[in-house]
Protein chains: 2
Amino acid sequence: MLERVDAKTTVADLMAEIGRKARAAAQPLSIASPDRKTAALIAMAEAIERREAEILDANRKDVASGEASGMSAAMLDRLKLDEKRVAGIAESIRTIAALTDPVGSVIAEWDRPNGLHIERVRTPLGVVGVIYESRPNVTADAGALCLKSGNSVILRGGSDSAHSSHAIHGALIEGLEAAGLPRDAIQLVPTTDRAAVGEMLKGLDGNLDVIIPRGGKSLVARVQAEARVPIFAHLEGLCHLYIDASADLAMARKIAVNAKMRRTGVCGAAETLLVDRGIAPADLLPLLNDLSAAGCEIRAEADVAGIFANAKPAKEEDWSTEYLDAIISVRLVDGITGAIDHINRYSSHHTEAVIAEDPKVVDRFFNEIDSAILLHNASTQFADGGEFGMGAEIGIATGKMHARGPVGVEQLTSFKYRVRGNGQTRP
Amino acid sequence: MLERVDAKTTVADLMAEIGRKARAAAQPLSIASPDRKTAALIAMAEAIERREAEILDANRKDVASGEASGMSAAMLDRLKLDEKRVAGIAESIRTIAALTDPVGSVIAEWDRPNGLHIERVRTPLGVVGVIYESRPNVTADAGALCLKSGNSVILRGGSDSAHSSHAIHGALIEGLEAAGLPRDAIQLVPTTDRAAVGEMLKGLDGNLDVIIPRGGKSLVARVQAEARVPIFAHLEGLCHLYIDASADLAMARKIAVNAKMRRTGVCGAAETLLVDRGIAPADLLPLLNDLSAAGCEIRAEADVAGIFANAKPAKEEDWSTEYLDAIISVRLVDGITGAIDHINRYSSHHTEAVIAEDPKVVDRFFNEIDSAILLHNASTQFADGGEFGMGAEIGIATGKMHARGPVGVEQLTSFKYRVRGNGQTRP
């Protein structure tokens, strides 16, 4: 099953062949009917369930290797599957099966004075490459989302989860074949040689249209630095929560604790709390106490320490640190102008939220900050494709080209124009 | 005015500084009101008119240099300005001023069961680079389109039109300043050193978000091969016209002549005519006679030569040649399946048209061909942003990322999400 390919030239040849097969599969896939794609996805979910024992066996091998190599508890938790998680993988595929098929949907249409009727309709992108680390469920989610959007996909999972991904991939292939779709529509790179990633970053001779990296900052940074094809990604989620003097403070307390502490390891977790200097210390203190009581360390400058004695001193680097942990940096700012200045300087342009009742403050926050997601009176932790109603997402993008924010099936499409006439020639 | 910069390091420094200024101008520009941008554009149009003599003087220098260096008549015609063309430049800016401002417009909005209201709204892209050749009007069109869409732009015109572009650029700056917008919003690279293009292709340290090349195939090919930033472009327009057996033949004759001969040098001109083998020779002959009578050379294989004796023999390379001239390649194909196979093999994915009355044929043409623009019963020469009702375009893109087809003000934008809540926290 898993091949070790040693010579660089062999990896290059292998990846070039994978690229050609993916491109060849993209054409029949692009015109596959919605029903056929749905049938394939349902067959995949059933195959996942039927192959539960095989998937768990494979996963045990990965977990044993991880334990032997001293993998952290957090990483092991991401890697480990059980009956419930396998059922969750199947359920996730069914959710994607139930989404509206984006291909062929009319995004916009209009008539011209000469009688031409113009439609802008969604088309698949072509071939998507997904490079990910230890979560084996990405194999299924990415495969299913790409199929739904009519794209071929090349999956390059981490070596940590190689056995699990291979077993899950087998179920996906079974679904494709049951529906009469080409098995090359979802390919799993069969080697853990890192040179395979290098080949993908070079674009597989034009046979790879976009790369989506899913994983830690070092993986995403490498892909961003080296990829010769477009990428949909975010390097980090340095998300801000700003509490204006006009805020409903009870709401602010609830949202601050949720934005930071609901899950500290997700990209939508708040990392910096900006507080309007116009808020009285006696009003700010309960909010900081709430965070502290929830287990959060507070890092701040002297002005905040004067209000909340247990604050640890914040250094300059704290304003640009994505903790992904129970730590928050807190700064007093001069109203919305100060908040905008701070965010435009330090943000990773992922997600920011404002708590305010003054509509002028909200308007300025919405207009003058250019991050993928801006929220008013809601938690930053809603930065998620499922929460946006997109059904499922393959990640969140902070770039401005093509996809931005949650990347769901619609964001995995391009478009073309269909123009209907009745004999028009151009004067 | 025009500096010669000799040391490579100096060009790199100069371009890095231009990039930083463009990025700094992008922020105020992104929040400039629609009225302010419109006022700037109208002031630009007035400045163009007021500076007519200066612009024509500058253009005479370029034309004199071009004549002295043996520039072709076609190139000289593109370069040369007169009173009417200068008036046309001002008029084009006024047309862009009158377009709906795309920034802040809501593309989509929906409600979630938890009460969150989500809007997807247009934002500027940031900094656009335009690399072009001898047409001086591109300076004004690109500057105006980027301003309307809230983007900073770095213009790198050809050395052939350097004096003309500089004079036009002066009018654009006057308009920016009259409206209180930063003059760095529209910068013209002040050197004709080709190293400046190389610096732009490297992305100016992250200060260039997209490059739009406007010019001949060699320029576009270089940009496509070397750019480390996204590009909106088409390398060529190898456009096909397919005439099905179900076609209204009178319509087909009119459209074929228009698609090929209205203007042979535009990217939407038809280069290959595909004819359903089911059309009787006696029905095809008048169409080929029409093309021939309009001055078009016909290149075809033996089967067509048996119908139209004056056909020249077509070689394999004819099917992949963009003539941009009064030449067309003609091939008989086995109905819509044969047409699709030919187009998917040879097309540059720019524009294709089908002439047919059978709706099943039209559906297959529309579904199974993945080119930016597909037309039914209309001429390929409608492949143009103005004809699509976009007001003006900066070019046509054949890539699938972000922009495809005509690139107008909307295609020069990205988007962000604005989410309005009333205290929601994520469970």
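Could you pull the copy-to-copy label distances for A:L76, with points set 7 Å along Cα to Cβ, in nm to one decimal and sorted shortest first?
8.2
Percent relative contact order of segment A:37-166, based on C-alpha pairs within less than 8 angstrom and at least six residues apart?
In percent, rounded to a whole number, it is 28.
Run through the other copies and list how far each one's label point is from that of A:K312, in nm with one decimal, shortest first; the point sits 7 Å from Cα along Cα-Cβ.
7.9
Please compute the average number of Cβ atoms from other chains found within 10 Å of each residue's Cβ in peptide B:397-408.
Across the residues of B:397-408, the mean count of other-chain Cβ atoms within 10 Å is 4.
Fewest to most neighbouring Cβ within 10 Å: what's the order for A:L238, A:L147, A:L219?
Fewest-to-most Cβ neighbours within 10 Å comes out as A:L219, A:L238, A:L147.
Could you line up A:S320, A:S149, A:S218 from fewest to most neighbouring Cβ atoms inside 10 Å?
A:S218, A:S320, A:S149
Of A:D248, A:D209, how do they rank once you tally other Cβ atoms within 10 Å and put the fewest first?
Starting with the residue having the fewest Cβ neighbours, the order is A:D248, A:D209.
Per-residue counts of other Cβ atoms within 10 Å, averaged by peptide: what ranking do you get for A:370-381, B:308-319, A:118-129, highest first?
Highest to lowest by the protection proxy: A:370-381, A:118-129, B:308-319.
I'd like the mean, over residues of A:363-373, of how many other protein chain beta carbons sit within 10 Å of each residue's own Cβ.
Average neighbour count from other chains, rounded to a whole number: 4.
Give the chain B residue with the shortest beta-carbon distance to the rotation axis relating chain B to chain A, plus that distance as a whole number of Å.
B:H402, 2
Going Cα to Cα from A:K80, which aspartates and glutamates come in below 12 Å? Please leave out same-chain ones fewer than 8 positions away.
Candidates past the 8-residue exclusion: A:D57, A:D62, A:E67, A:D160.
Mean 1/r over all different Cα pairs, inverted: what Kirkwood radius does segment B:239-387 give, in Å?
One decimal place: 14.8 Å for the Kirkwood radius.
On a 31 Å Cα-Cα criterion, which of the cross-link pairs A:K37/A:K254; A:K416/B:K260; B:K148/B:K360; A:K148/A:K217; A:K84/A:K148 come out too long?
Distance filter (> 31 Å) returns A:K37/A:K254; B:K148/B:K360.
Among the complete DSSP H segments of chain B, which ones combine at least 15 Å of alpha-carbon extent along their axis with a mean Kyte-Doolittle hydropathy of 1.0 or more?
none
For segment A:292-349 and segment A:354-427, what is the separation of their Cα centres, given in Å?
28
Could you name the aspartates and glutamates whose alpha carbon sits less than 17 Å from that of A:K202, not counting residues in the same chain fewer than 8 places away?
A:D13, A:E17, A:D193, A:E226, B:E226
Compute the convex hull volume of the Cα atoms of chain A, divide it by the residue count, and report the result per residue in Å³ as a whole number.
Convex hull volume per residue, Cα atoms: 174 Å³.
From the label point of A:Q27, set 7 Å along Cα to the beta carbon, how far off in nm is each other copy's matching point, shortest first?
Listed shortest first, these distances are 5.0 nm.
Pairs of alpha-carbon atoms within less than 8 angstrom and 6+ residues apart define the contacts here; what relative contact order does chain B have, in percent?
Contact order relative to length: 18 percent.
Cα-Cα pairs above 54 Å in the protein assembly as shown: how many percent?
16
Please give me, ordered by residue number, the GluC sites (Glu not before Pro) of segment B:351-427 that lie in loop per DSSP and have at most 15 other Cβ atoms within 10 Å.
When the GluC sites (Glu not before Pro) of segment B:351-427 are filtered for loop state and at most 15 Cβ neighbours within 10 Å, B:E357 remain.
We did not get these values from a lab; they are worked out from the coordinates using the rules stated. From a predicted model like this one, the values you see are computed outputs, not experimental measurements. With ideal geometry, Cβ positions are generated from the backbone for all residues, glycine too; neighbour counts draw on all protein chains shown.
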